[in-house]
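Step one of this worksheet: look at the structure below.
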Amino acid sequence: METTGRQIYMDHSATTPVDPRVVDAMSLYWSEVFGNSESAHSFGQEAANALEQARQTVADLLGCRPSEVVFTGSGTEADNLALRGTAWAARQSGSGNHIVTTPIEHPAVGNTVDQLRDLFGFEVTRVPVDGTGLLDPDDVAAAIRPDTILASVVFANNEIGTVQRMVKIGQVCRERGVLFHADAVQAAGRLPLELDDLGVDLLALSAHKFYGPKGVGLLYVRRGTVLVPAITGGGHERGRRPGTVNVAGAVGLAAALRLAEEERVAEAARLRRLRDRLIEGVLASVPDSCLTGDPKLRLPHHASFAFRGVEGQAVVLDLDLEGIAASSGAACAEGEPEPSFVLEAMGLPPDWSIGSLRLTLGRSNDEADVERVLEVLPGIVQRLRACG
Ligand SMILES: Cc1ncc(COP(=O)(O)O)c(C=O)c1O
């Protein structure tokens, strides 16, 4: 196999490198300003000031109050806090027992909802999606019952890039008096996040998806939303997320979100052009291939495909041999390829849904990277099909 020697990273929905400007912004908060932000002395107060500055920056960017911003240890933890926190609060007040969600959530939501059902007795309705992964807001309305407490919807799906009609879904939730949680982990830095327009009560982000550090996330909690903390401990983050706060991480998240927002419109336009060339090139050069997800309502950097009769994981490994990092939604259980549950929920037959490939572009990618993928991918799929 011919290799160019150059590594191409096209897995920006899995994670992104930390922007050097973010590393700079964080550098003071490891060994110099290291105090515990809860401590009364000046070391602690210096850390607390940095933390509150980061909270203010995020609040300004999202259009909310600083008191509505809760720093967490990941996007997963933010989703857990949103779901467990509101479900347990509803249990305490007796206000309801039913949660509405979708079959295409990230496991951070999907598995949490299942646990609330299986261990805590909540009832769950998963509103079906169409063949492009889109939810019909009318179906969400129909799923809401008098005892529904919360609707949780992934703003932009990680596997197929489909962007939901959140404003309409938010309106439905508001009209019915149901809390609305958005998992915006993939959307942040890529789509506008005006909280009032979206009509959300809770919204989860994760810094490592927008060139910030790993291990720090955020939950927006609309004022007045009652949450029982998902983990127990001290009174940090106004009692909503106990545990000594990762000040460097919060500073990094705020710096990364600010940069991503400043550059978002221009970068999204650039990536959209690259993405469209990639989609058009793959569909034209790989027989029995299809785009997965919505062709229009999709993340600007996100291209995802299904190839009939090929294991997506095998394509990923062969691309890696060519120096190209991609991913597949299909997982392998005991050596057997498992169809992607997202593609199954969209109605793709198993011989297609095992063959999913996700190529997600980012700041490091250019036209040459796209052309290199188009040069090697058709041959890889053809060889794997021939090996059968
Ligand atoms: C849609 C979505 N939600 C939640 C998460 C979890 O975020 P984290 O990696 O910060 O735990 C991810 C990560 O891939 C994601 O794509």
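The values are calculated or read from the model by the stated rules, or taken from the named source; none is laboratory data. If you're wondering where the values come from, they're calculated on a predicted model, not measured in any experiment. Every residue, glycine as well, gets a Cβ built from its backbone with ideal geometry; the counts of neighbours run over all protein chains shown.
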Inset, instruction - Among residues belonging to segment 161-187 that are more than 10 Å from the ligand (Cβ to nearest atom) and among the polar types (S, T, N, Q), point out the one that is surrounded by the fewest Cβ atoms within 10 Å (Cβ to Cβ). - result: Gln171
Inset, instruction - Could you check how many residues of segment 94-125 are of a type in the set (D, E, K, R) and more than 16 Å from the ligand (Cβ to nearest atom)? - result: 3
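Results for (1) in contact (Cβ under 8 Å) with a residue 60 or more places away in the chain; (2) surrounded by fewer than 24 Cβ atoms within 10 Å (Cβ to Cβ), shown as yes or no for each residue.
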residue: Gly121; (1), (2): no, yes
residue: Thr125; (1), (2): no, yes
residue: Asp130; (1), (2): yes, yes
residue: Gly133; (1), (2): yes, no
residue: Asp138; (1), (2): no, yes
residue: Val154; (1), (2): no, no
residue: Glu159; (1), (2): yes, no
Legend entry - Scan of segment 5-48 for residues that are assigned to a loop (DSSP other than H, G, I, E, B) and of a type in the set (A, V, I, L, M), ordered by number: Met10, Ala14, Val18, Val33, Ala40
Legend entry - Pair list, Cβ under 8 Å, 6 or more apart: segment 79-107 residue closer than 25 Å to Leu135 by Cα, other residue within 16 Å of the ligand (Cβ to nearest atom) and of a type in the set (Phe, Trp, Tyr): Pro103/Phe341; Ile104/Phe341
Legend entry - Looking only at segment 161-188, and only at residues there that are in a strand (DSSP E or B) and touching a residue at least 60 places away in the same chain (Cβ under 8 Å), the one that is farthest from Arg272 (Cα to Cα): Leu179
Inset, instruction - Take segment 320-350 and flag every residue that is surrounded by fewer than 16 Cβ atoms within 10 Å (Cβ to Cβ), acidic (Asp, Glu) and modelled with pLDDT under 90. - result: Glu334, Glu336
Inset, instruction - Evaluate the following for Val315: is it touching a residue at least 24 places away in the same chain (Cβ under 8 Å) and either part of a helix (DSSP H, G or I) or closer than 27 Å to Leu193 by Cβ (or both)? - result: yes
Inset, instruction - Return the total of residues in segment 64-93 being part of a loop (DSSP other than H, G, I, E, B) and more than 16 Å from the ligand (Cβ to nearest atom). - result: 2
Inset, instruction - Assess whether Leu202 counts as being closer than 14 Å to Ala184 by Cα, surrounded by 24 or more Cβ atoms within 10 Å (Cβ to Cβ), under 15 Å from the mean Cα position of the chain (by Cα) and more than 12 Å from the ligand (Cβ to nearest atom). - result: yes
Inset, instruction - Could you give me the residue pairs with C-beta distances under 7 Å whose first residue belongs to segment 209-222 and is touching a residue at least 60 places away in the same chain (Cβ under 8 Å) and more than 10 Å from the ligand (Cβ to nearest atom), whose second residue is hydroxyl-bearing (Ser, Thr, Tyr) and assigned to a loop (DSSP other than H, G, I, E, B) wherever it lies, and which are 6+ apart or on separate chains? - result: Phe210/Thr16; Tyr211/Thr16
Inset, instruction - Hey, can you tell me all the residues within segment 102-119 that are crowded, with 17+ Cβ neighbours inside 10 Å and either of a type outside the set (D, E, K, R) or more than 19 Å from the chain's Cα centre (by Cα) (or both)? - result: Thr102, Ile104, His106, Ala108, Val109, Gly110, Thr112, Val113, Leu116
